[in-house]
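The values are calculated or read from the model by the stated rules, or taken from the named source; none is laboratory data. The shown structure was predicted, so the numbers you read here are calculated from the model rather than taken from an experiment. Reconstructed Cβ throughout: ideal geometry from the backbone, glycine too, with neighbour counts over all protein chains shown. All accessible areas refer to the heavy atoms of the entire protein, side chains included, with ligands and DNA or RNA removed. Shrake-Rupley method; radii C 1.70, N 1.55, O 1.52, S 1.80 Å.
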Amino acid sequence: MSTTTSETTPVAVRPNTITARLRAIPLPAVAITALLVTAVAAPFQLVPFHTFQLAMAMIYAVTLLGLNLLVGHTGQISLGHGAFFAVGAYTAAIAIQHGDLPYLATIPIAAAITFVLGFALGIPALRLRGLYLALVTLAIAIFLVPLLKRFDGLTGGSMGLTVTKPVPPEWTGLAEDQWLYFLALITTVASFVLVAGMLRSRVGRALHAVRDNEIAAEVLGVNLAHYKTLAFAWSALLAGVAGGVYTWVIAFVSPDSFAVTLSITLLAGLVVGGLGTTWGPLLGGLFVMFVPSLAQDVNQAAPGVVFGLLIIAVMYLAPRGLAGLATQAAHWLGHRLRKGKTHAH
């Protein structure tokens, strides 16, 4: 008489199965997760000055995210984006210094004011394009600095305004530089998620249609005036939000900090980072933060020359920007993984 048992022998998972599952994970998801983990751990591993630098890089990334929405995804041009950044910074500083408002309340105010200003600029920009639009936006960046100096009682004139930095809550156990870093990180993540959702929606498809061919977009029923002004408004809003967080981190604003060279540097940073790409603003923010100081260290007599040569070198080696170079590397890695998977079978 034979007996049977209900026990089953566990089947070992083959190494090839584990490897296949790992390869099935989307590479972008892995990159985003690794990036977030690194960003959260960074302030606990770096000295305060380097933590401050990364916070500033993220602030510039949010500014470039707005500029990318306008230039990279809508096909408009702006050489005055630093002006919206300045308006956001001064709005936050004035609200804190003169209005005694809570820090978090300054961001919605800065966003609302810059949104209205961007929308107002977008209306006359409907009749302009190319070089003419670039000159109009450049003019805004030029006359903003003397305008800020004229209203001494409100803006502090040439001396600027000094504000106190946000104090970290006791329950966080964070130092001041770490708290400011995480405020910048939260703002950056929220902004990137917001823009990514917008670009995947009907609005994003309309903006791309305007960029690719305005006549074809209009034939398909896209309201050119609406989406162009909307692009200017949202672009300015993101710059205003970044300017508000900039005031928190720096705790000081002055007209000379927002000269026309800032607008030009921002546009150069976006092109170097990758125009019209997802990660271009983030890479551009790192470029805007670190490359000018690197150029200053290389040659204190002519940092502008070194900065220009570095831009030329990057564009020669990566015509699609640093994000394009990273995309090519990711495609190469994915090809190698797929090739390894084929050999495994």
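Assorted remarks:
- Any hit, the range 135-149, residues being out of contact with any strand residue (DSSP E or B) (no Cβ under 7 Å at 6 or more places or on another chain), without any contact (Cβ under 8 Å) to a residue 24 or more places away in the chain and more than 20 Å from His81 (Cα to Cα): no
- If you go through the range 200-213 and pick out every residue that is open to solvent by 40 Å² or more (accessible area, probe 1.4 Å) and either part of a helix (DSSP H, G or I) or among the acidic types (Asp, Glu) (or both), you end up with 6.
- Residue that is surrounded by the most Cβ atoms within 10 Å (Cβ to Cβ), among those in the range 35-73 that are in a loop (DSSP other than H, G, I, E, B) and under 16 Å from the mean Cα position of the chain (by Cα): Gly72
- Listed conditions (1) open to solvent by 20 Å² or more (accessible area, probe 1.4 Å); (2) part of a helix (DSSP H, G or I); (3) among the aliphatic types (A, V, I, L, M) are all met by Val222, apart from (2).
- Selected residue [modelled with pLDDT of 70 or more and buried (at least 18 other Cβ atoms within 10 Å of the Cβ)] from Val314, Val305, Val298: Val314
- Ser293 vs. criteria among the hydroxyl-bearing types (Ser, Thr, Tyr) and in contact (Cβ under 8 Å) with a residue 60 or more places away in the chain: no
- Residue identified as aromatic (Phe, Trp, Tyr) and crowded, with 19+ Cβ neighbours inside 10 Å among Phe85, Phe119: Phe85
- Any chance Phe232 is open to solvent by 30 Å² or more (accessible area, probe 1.4 Å) and either assigned to a helix (DSSP H, G or I) or of a type in the set (Phe, Trp, Tyr) (or both): no
- Meets criteria (open to solvent by less than 70 Å² (accessible area, probe 1.4 Å), in contact (Cβ under 8 Å) with a residue 12 or more places away in the chain, under 23 Å from Gly285 (Cα atoms) and not polar (S, T, N, Q)) for Val195: yes
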